[in-house]
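First up is the structure itself, then whatever we jot down about it.
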Amino acid sequence: MKFTLGRRRDDDDECGYAYRVRPTDLCIVLVAMVITFGFVYLLLTPQNWGAIDRAMAPDPPKPQVQNKGETPMILFDARKK
């Protein structure tokens, strides 16, 4: 059985059907191959998920630097009791 783009030209074949492979069929196969190879590539390549998680995590708040000899002033709200 021979696949061609268009009608079969040889008449001596015992099969009487004209098989056609259209460009859209080839595109579907090509897209499926790209998706499959991409998925296999993602599965087989090592990933450092810990570094990715640390990079996406918010930075912890930095402690305020206090100059030597200064006392922090804490103000309270007078309306709260």
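The values are calculated or read from the model by the stated rules, or taken from the named source; none is laboratory data. If you're wondering where the values come from, they're calculated on a predicted model, not measured in any experiment. Because the Cβ atoms are built from the backbone with ideal geometry, glycine has one as well, and the counts that use them run over all protein chains shown.
Within the range 29-65, being of a type in the set (Phe, Trp, Tyr), exposed (fewer than 10 other Cβ atoms within 10 Å of the Cβ) and under 13 Å from the mean Cα position of the chain (by Cα) holds for one residue alone: Tyr41. Any residue in the range 18-36 that is of a type outside the set (Val, Ile, Thr), on the phi > 0 side of the Ramachandran plot and modelled with pLDDT under 80? No, there is no match, as no residue in the range 18-36 is of a type outside the set (Val, Ile, Thr), on the phi > 0 side of the Ramachandran plot and modelled with pLDDT under 80.
Kindly establish whether Asp59 is of a type outside the set (S, T, N, Q) and outside any helix (DSSP H, G or I). The answer is yes for Asp59.
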